[in-house]
Each structure stands twice: as structure tokens, then as C-alpha cells.
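J.: Below you will find the structure I want to go over with you.
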Amino acid sequence: MITGKRQQALSHVLYQEAKGESRLGKGLKASASQSDGRQFSIAKKNFLIVDDDPLIRRALIRVLEEVGCQVYSAKNGREALDVLQSVTIDLILTDLYMPRMDGLAFIRELHQQGSTIPIILMTGGGTLNIPDSIHIARGFGIDSAISKPFSTAALFQTILKALSKKDLE
């Protein structure tokens, strides 16, 4: 969980980039060319953001909606499982440390259900060793991990990689 100034900084950077007011956001690409020459875009994709921090959720929603995505959100893994019962999701961005049901338990549950939805694990601190947690999560099928705070460019690059890999399967 990110607290204080780091949390505000991530939210501010993502928001400024989404509005095109940041140097990092200029020339930001939410699409990529695949190896076969086809263009791949995240626009019109359905995303699920799972994070107990409302500032992070709002910033990610704002950034993704800005490029044409439909975004759903949940405060923890339990709420996310409920969302998945009613909506088709193309990609999940989940925090690692959350109350009620943390990211690892959520990912484990999805794995047990046979889910093939690409998952990106967002890390930002906590009590467990992050590399160990990422290694455990990879065993349950996460597609990538990204450390908070991250730029919108890094976020989009990670998302495009996960979705294009899924698209090629």
C-alpha cells in the first residue's frame, strides 16, 4: 500500500499525463504494432482495477478512460470477484496488498477458476518481500508486474505487452 506523498505523487503524475500536461505524457502510445504488422490498441477494452487506495483507482480510471477504455473497479479481491460475475474483462490490474482479500489470494482464486484474463500485479510496499510475492504470483499466472509509482508510459507499455501476448494465443 502506498501512503502519503508517494500516493499523491503517483495520482498527480497519472492525472497530468492523462490530460497531456506532463512531459512524460507527450507522444504517449496506447497502441502498438504486432509482429504480423497488425495494429493493436487498448481502446474499447474492458479493464478491472483492484486497489484499496481510492486515489490510485481514480487516477488509473481517468488515464484508461482517456484513451477509450471501459474501466471497472474494486477495493479488494472479494469485490473484484463480484465484478467478474457480471462483466467481461479483458485485463486486470491488481494491487498486491489489500484488506479482506489481497492480490495473491485474488490471483490464486482466479487461477483455481481457470481464468485466462491477463493480470498485471501492481506493487508498492507492504510487509512481505515484493520479489518473493511476485514469484509466487507468477506461479498463479500473472502476466506482468509493475512497481508503484509508475508513469503512464510504463503502464501502457505493460498493458500492451500483456494484451498483445494474449491476443497472439
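J.: Hey, residue 130 hits all of (1) buried (at least 18 other Cβ atoms within 10 Å of the Cβ); (2) more than 19 Å from residue 62 (Cα to Cα); (3) at pLDDT below 90; (4) of a type in the set (Val, Ile, Thr) but one; which does it fall short on?
T.: For residue 130, the failing item is (1).
This table checks each residue for (1) more than 25 Å from residue 116 (Cα to Cα); (2) of a type in the set (D, E, K, R); (3) modelled with pLDDT under 85.
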| position | (1), (2), (3) |
| --- | --- |
| 17 | yes, yes, yes |
| 51 | no, yes, no |
| 70 | no, no, no |
| 90 | no, yes, no |
| 93 | no, no, no |
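J.: Then there's this: Looking at 75, 45 in this structure, which one is in contact (Cβ under 8 Å) with a residue 60 or more places away in the chain and surrounded by fewer than 20 Cβ atoms within 10 Å (Cβ to Cβ)?
T.: Matching residue, one of 75, 45: 45.
J.: Another question, if that's okay. For residue 62, are the conditions met, namely being modelled with pLDDT of 95 or more, surrounded by 13 or more Cβ atoms within 10 Å (Cβ to Cβ) and either assigned to a loop (DSSP other than H, G, I, E, B) or among the basic types (Lys, Arg) (or both)?
T.: Against the criterion (modelled with pLDDT of 95 or more, surrounded by 13 or more Cβ atoms within 10 Å (Cβ to Cβ) and either assigned to a loop (DSSP other than H, G, I, E, B) or among the basic types (Lys, Arg) (or both)), residue 62 does not qualify.
J.: Looking at this structure, is residue 89 under 19 Å from residue 161 (Cβ atoms), under 13 Å from the mean Cα position of the chain (by Cα) and assigned to a loop (DSSP other than H, G, I, E, B)?
T.: Details: under 19 Å from residue 161 (Cβ atoms): yes; under 13 Å from the mean Cα position of the chain (by Cα): yes; assigned to a loop (DSSP other than H, G, I, E, B): yes.
Yes; evaluated as a whole, the condition is true for this residue.
J.: Answer with yes or no whether residue 122 is assigned to a loop (DSSP other than H, G, I, E, B), at pLDDT 70 or above and buried (at least 18 other Cβ atoms within 10 Å of the Cβ).
T.: no
The values are calculated or read from the model by the stated rules, or taken from the named source; none is laboratory data. The shown structure was predicted, so the numbers you read here are calculated from the model rather than taken from an experiment. Cβ coordinates were reconstructed from backbone atoms using ideal geometry, including for glycine residues, and neighbour counts include every protein chain displayed.
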